[in-house]
Amino acid sequence: MATEAQGAEEGGLVFHPMDQFIVKPLFGGENIGLFTPTNVTLWMALAVVAIFALLVLGTRGRAMVPSRAQSVAELAYGFVYKMVEDVAGKDAVGFFPYIMTLFMFIVSANFLGLIPMSFTTTSHFAVTVVLALAVFLTVTVVGFVKNGTKFLALFWVSSAPLPLRPILAIIELISYFVRPVSHSIRLAGNVMAGHAVIKVFAGFAAISVISPVSVLAITAMYGLEILVAFIQAYVFTILTCVYLKDALHPAH
Amino acid sequence: MASETKEAASHAADAAASAPGMPQLDFSNWGNQIFWLVITLVVIYFILSRIALPRIASVLSERQGTITNDLAMAEELKLKAQEAEAAYQQALTDARAEANKIVADARAEIQADLDVATAKAEAEISAKSAESEKKIAEIREGAMEAVTEVAKDAAKEIVSALGQKADARSVTAAVNARLKG
């Protein structure tokens, strides 16, 4: 706090691009226990509120000719449903509520994070790692439950020449276990990097000569971040569908 | 100025020291975040699977059903309209044929009536003219006799006026001869 005030007085450059990601208790205090309500709690709750407002309040008319909110809700439903059906296959529609939950949470958290002064829950590895591990475990369990040991055919590339297959199997196995890592870091990394870059440009705005350029850069980055907020949610969801397809139809 | 900058830098360093370089890697609050995340996801899952998704699905399928029904009904109505038009055309053709028939019948009837009337009139006319001819002949006959009578009487009178005794028989003969001539 003192630093910021001093920085503003001096017109010096003070960068705290990562401060926006600090987890703070909501009602004062220093220690964060397991159940302490923090800014994470607040912004996750707001995400729930936003999802509720869009998908439940928005559709309460059940109108034959939809209102604007209902149109958006139907659009989101159709978007994810079609993705699940097209990418993961018709027998994967049972997982639609699960995938829709992931998509709605990520997209809401990403967009809420774009509100100035807000906190972006999806910029934290703690969050994305849990999401990715949940997908990883679900897919693995589903794969073994549906296909039994045939699920291991995923790692045995039957179309490759026989001598190559063990090597490919090792590569496939490694790539399978790298999935949750890339899945989670991709989302958090993209979101965090964009927000940090905006903050860095905002720091440059303290120098009056550079400030117009800085404001322009912030605007451009913000536009890009809006894109990223949606695309990363989309990418996370579609990768979930792809992994699910592998689990349901493991043969190459 | 320089000392102030240095001070600011040291403050920044303090801040950096108090919070790790990346708050994401501060594992002390992961448990807290994961706890709230799980609650959030469960809440969202129940909102979606219990309320939102069935509702949207029902709205979408209802709309699809309505559209299908409307299309089917439109198709049906179109067929009905076509049927009605065909029936109308049929009725029109029938009516036209009927009208033609009625006209032809009426014409034939009128023609027959006309023929009967004409024949009757002709018969009457010929009967009347025959009667008239007969009457004319009678009149002519009567006139002839009257002329003969008058001529005889006149001749008798003339003869007696000339002082001669008129012989009735010879006068008649003379008049007859004269009339014939």
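The values are calculated or read from the model by the stated rules, or taken from the named source; none is laboratory data. The structure displayed is predicted, hence computed values, not measured ones. Reconstructed Cβ throughout: ideal geometry from the backbone, glycine too, with neighbour counts over all protein chains shown. We work out accessible area using only protein heavy atoms, side chains counted, and drop any ligands, DNA or RNA first. Shrake-Rupley method; radii C 1.70, N 1.55, O 1.52, S 1.80 Å.
Charges were assigned to the Cβ only: +1 to each Lys and Arg, -1 to each Asp and Glu. The resulting dipole of segment B:27-180 about its Cα centre is roughly 220 debye.
Model label points for residue A:69 and residue B:73, set 7 angstrom from Cα along the Cα-to-Cβ axis, are 3.0 nm apart. Rolling a 1.4 Å probe over the protein heavy atoms of segment A:19-248, with every protein chain left in place, gives an accessible area that is 75 percent carbon and sulfur. Rounded to the nearest whole Hz, the Karplus-based 3J(HN,Hα) values (6.51 cos²θ - 1.76 cosθ + 1.60, θ = phi - 60°) of segment B:141-158 follow the sequence 4, x, 5, 4, 4, 4, 4, 4, 4, 4, 4, 5, 4, 4, 4, 4, 5, 4, with x at glycine and proline.
Spin-label model, residue A:222/residue A:145: points 7 Å from Cα along the beta carbon direction are separated by 4.5 nm. Close amide H contacts of residue B:22 (hydrogens built in the peptide plane, cut-off under 5 Å, sequence separation of 5 or more or a different chain): none are found. The accessible area of residue B:96, taken with all protein chains in place and a 1.4 Å probe, comes to roughly 150 Å². Dividing the Cα radius of gyration of the protein assembly as shown by 2.2 N^0.38 Å, with N the residue count, gives 2.67. In the context of the full protein assembly, residue A:146 retains an accessible surface of approximately 120 Å², using a probe radius of 1.4 Å and ignoring ligands and nucleic acids. Accessible-area rank, largest first, for A:173, B:77: B:77, A:173, with all protein chains present and a 1.4 angstrom probe.
Note on segment A:19-248: along the principal axes its Cα atoms extend 67, 49, 39 Å, ordered by decreasing extent. Among the helices of chain A, those built from whole DSSP H runs whose Cα atoms reach 24 Å or more along their own axis and whose mean Kyte-Doolittle hydropathy is at least 0.0 are A:96-113, A:125-147, A:165-204, A:211-248. Taking the Cα centre of chain A as reference, the dipole from Cβ charges on Lys and Arg (+1) and Asp and Glu (-1) amounts to some 860 debye. Once backbone amide H atoms are built at 1.01 Å from N, residue A:38 has A:26 as its partners under 5 Å, excluding neighbours fewer than 5 places away on the same chain. Other residues within the sphere of radius under 12 Å centred on the Cβ of residue B:29, judged by their own Cβ, net out at -1 (K and R +1, D and E -1). Here segment B:27-180 exposes an accessible surface that is 62 percent carbon and sulfur, computed with a 1.4 Å probe and the other protein chains kept in place. Label-point separation (nm) for residue B:81 and residue B:140, each offset 7 Å from Cα along Cα-to-Cβ? For the pair residue B:81/residue B:140, the computed spacing is 8.6 nm. From the largest down, chain B spans 203, 49, 20 angstrom on the principal axes of its Cα atoms.
Take A:155-163, A:224-232 and order them by the average number of nearby Cβ atoms within 10 Å per residue, most first; the result is A:224-232, A:155-163.
With a cut-off of 14 Å between beta carbons, the residues surrounding residue A:131 carry a summed charge of +2, where Lys and Arg count +1 and Asp and Glu -1.
Pairs of Lys residues in chain A, spaced 8 or more positions apart or belonging to different chains, with C-alpha separations under 22 angstrom: 8 in total. Taking one quarter of the surface of the convex hull spanned by the alpha-carbon atoms of segment A:91-187 gives a direction-averaged projected area of 7.6 nm².
With a 1.4 Å probe rolled over the protein heavy atoms of all chains, the accessible area of B:114, A:26 falls in the order B:114, A:26, largest first.
For segment A:19-248, the solvent-accessible area works out to 47 Å² per residue, with a probe of 1.4 Å and every protein chain left in place.
Accessible surface ranking for A:119, A:111, 1.4 angstrom probe, highest first: A:111, A:119.
The calculated FRET efficiency for residue B:50 paired with residue A:153, based on their beta-carbon distance and R0 = 60 Å, is about 0.95.
Picking from A:189, A:37, A:177, whose Cα lies most toward the positive end of the charge dipole for segment A:19-248 (charges on Cβ: Lys, Arg +1; Asp, Glu -1)? With unit charges placed on the Cβ atoms, the residue in question is A:177.
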